[in-house]
Amino acid sequence: MAHWVEIDRSSGPTADSTLLLWPAGKLKYGTRYIVAMRSLRDTSGLPVQVSSAFTAFRDKIPTSDPDVELRRATFEDIFVRLAKAGWSRSQLQIAWDFTTASRQATTQGLVHMRDDGLARLDKEGYSYTILEVDNNYSPQVAKRIVGLYKIPLYLESELPGAYLVIDPTTGLPVFQGWGEAVFELTIPTSVTNGTFSSPAPNVVYGHGLFGSHEELQYGTYQRIQAKYGWNFIGTDMWGLSEIDVPFVADMFLQDMSPFRTIPDRCSQGVLNTLVLTRLLRKLATDPLTQFNGKPAIDPNTVYYNGNSQGGIGGNIVMALTQDIERGVLGVPGASYDILLPRSKDFVILFDILKARYWSPMDRINMLTVVQQLWERGGPAGYMDAIIDNTLPNTPKHSVIAQYGLGDCQVTWLGALAMSRSIGCNMYQGNLQVGNETLYGFPM
């Protein structure tokens, strides 16, 4: 398995920094892996010392420690398999095995939420309430509409901190009734004045970390949609949106035990985005979105564009959507345990963790543990299902991934790991750092 190795520097130079091994792409579902190390030396050039427990396994030394003896058979199997691969047990300084989660355990919850939730809406009907209408919002935007739309809710409540309600028998999220989420729609002047033909295609937008639908008000996006004749629509990506900030900050300050709420709310946030995509069918018939008797929205032509968190979470959206064929993942990455310690956006929360957990190794181990919870509602569990290996009842998709060299918010190492897993090609002439060779990408 292609991988890279590094010393953790997220806490600065320290004697107890952690040695990290990162896979260069997604590991296989439900697969046993064996990790082994040999020829390691310390800064003095001496061989790294082997622990007494591993020495007992490797050299067949009997012990009175039940924790060691209960695992002896497992290690004997590891040594046999490594020997077949050309690694003799006498060379080994450490080895272990682990088994990855199954695809069903990782993805079945969100797939069920999508299928069950959209089926309920198809039967009950899509509905929304308009909160704001701004005509001639800017030179580029003819109309801005903000409203609330009906969503199938699988969380205990709509509030930050809520968990998915899980059926103990099936292990699947349980429908809790109907909730509401906010949406914002902007229609460009270039569509309403005839510069581009109407109805116009639509872009579902994914906002940045702890952002909101209000990013559609940025001048950059207004200029883009005016230039190309696209309607933009977006919602808050629950779990890591602006409304989640107080809860997340308090959790880091007080107690990390409720962490599961983040991937749970992220899962609901993905479903909200999928619902929003279908809501365009009804919005297209609203008189508010029609100009001179012509509709501005073409509900059959929808793309996705997400940036930062919208690119990271957009990976899941593009793996699950049944209504969007093509999308752009802007400055994306996976997994979060690669991204967070390298991100300037995580500095404040990381400083809080450093104050509470003084050991750099404890902090890295914590991020590794919570990553296992994150797989169900994070990109790492879905990034091989966008193009090939698609999820049940899901078509193939096409994406462009755009990363930034030296990005201090979303490291491009995570973007490359994600893109390898998706199965992306690298464009000819892509910018590179120095004389590097970008591994794993057909050019």
Residues being in a helix (DSSP H, G or I), open to solvent by less than 40 Å² (accessible area, probe 1.4 Å) and either over 18 Å from V111 (Cβ atoms) or touching a helix residue (DSSP H, G or I) at 6+ places or on another chain (Cβ under 8 Å) (or both) - total across the range 277-304: 5
Some residue of the range 358-372 being open to solvent by 30 Å² or more (accessible area, probe 1.4 Å), farther than 21 Å from G206 by Cα and among the small types (G, A, S): no
All positions within the range 174-192 that are under 24 Å from the mean Cα position of the chain (by Cα) and surrounded by fewer than 21 Cβ atoms within 10 Å (Cβ to Cβ): V174, F175, G179, E180, V182
Selection count where residues are part of a strand (DSSP E or B) and closer than 20 Å to A296 by Cβ, scope the range 130-180: 14
Meets criteria (of a type outside the set (S, T, Y) and without any contact (Cβ under 8 Å) to a residue 40 or more places away in the chain) for D345: no
Scan of the range 17-43 for residues that are in contact with a helix residue (DSSP H, G or I) (Cβ under 8 Å, 6 or more places away or on another chain) and of a type in the set (S, T, Y), ordered by number: S17, T18, Y29, S39
Condition met for A385 (part of a loop (DSSP other than H, G, I, E, B) and either free of Cβ contacts under 8 Å to residues at least 60 places away in the same chain or crowded, with 17+ Cβ neighbours inside 10 Å (or both)): yes
Check on K123, closer than 30 Å to Q268 by Cβ and either out of contact with any Leu (no Cβ under 6 Å at 6 or more places or on another chain) or in a loop (DSSP other than H, G, I, E, B) (or both): yes
Neighbours by Cβ (under 6 Å, 6+ apart or cross-chain): first from the range 44-62, among the aromatic types (F, W, Y); second open to solvent by 40 Å² or more (accessible area, probe 1.4 Å) and not in a loop (DSSP other than H, G, I, E, B): F54/I94
Count of the range 388-398 residues which are open to solvent by 10 Å² or more (accessible area, probe 1.4 Å) and closer than 24 Å to L155 by Cβ: 3
Per-region count, the range 25-47, residues touching a Ser or Thr at 6+ places or on another chain (Cβ under 9 Å) and in a loop (DSSP other than H, G, I, E, B): 7
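Would a scan of the range 319-332 turn up a residue that is open to solvent by 20 Å² or more (accessible area, probe 1.4 Å), over 26 Å from D122 (Cβ atoms) and touching a strand residue (DSSP E or B) at 6+ places or on another chain (Cβ under 9 Å)?
Yes, the conditions are met somewhere in the range 319-332.
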Enumeration of residues in the range 193-224 that are of a type in the set (S, T, N, Q), surrounded by 17 or more Cβ atoms within 10 Å (Cβ to Cβ) and farther than 22 Å from I312 by Cα: S198, Q222
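The values are calculated or read from the model by the stated rules, or taken from the named source; none is laboratory data. Please read all numbers here as calculations on a predicted model, not as lab measurements. No Cβ is skipped: glycine too gets one built from the backbone with ideal geometry, and neighbour counts run over all protein chains shown. Keep in mind that these areas ignore ligands, DNA and RNA; they rest on the heavy atoms of the full protein, side chains included. Shrake-Rupley method; radii C 1.70, N 1.55, O 1.52, S 1.80 Å.
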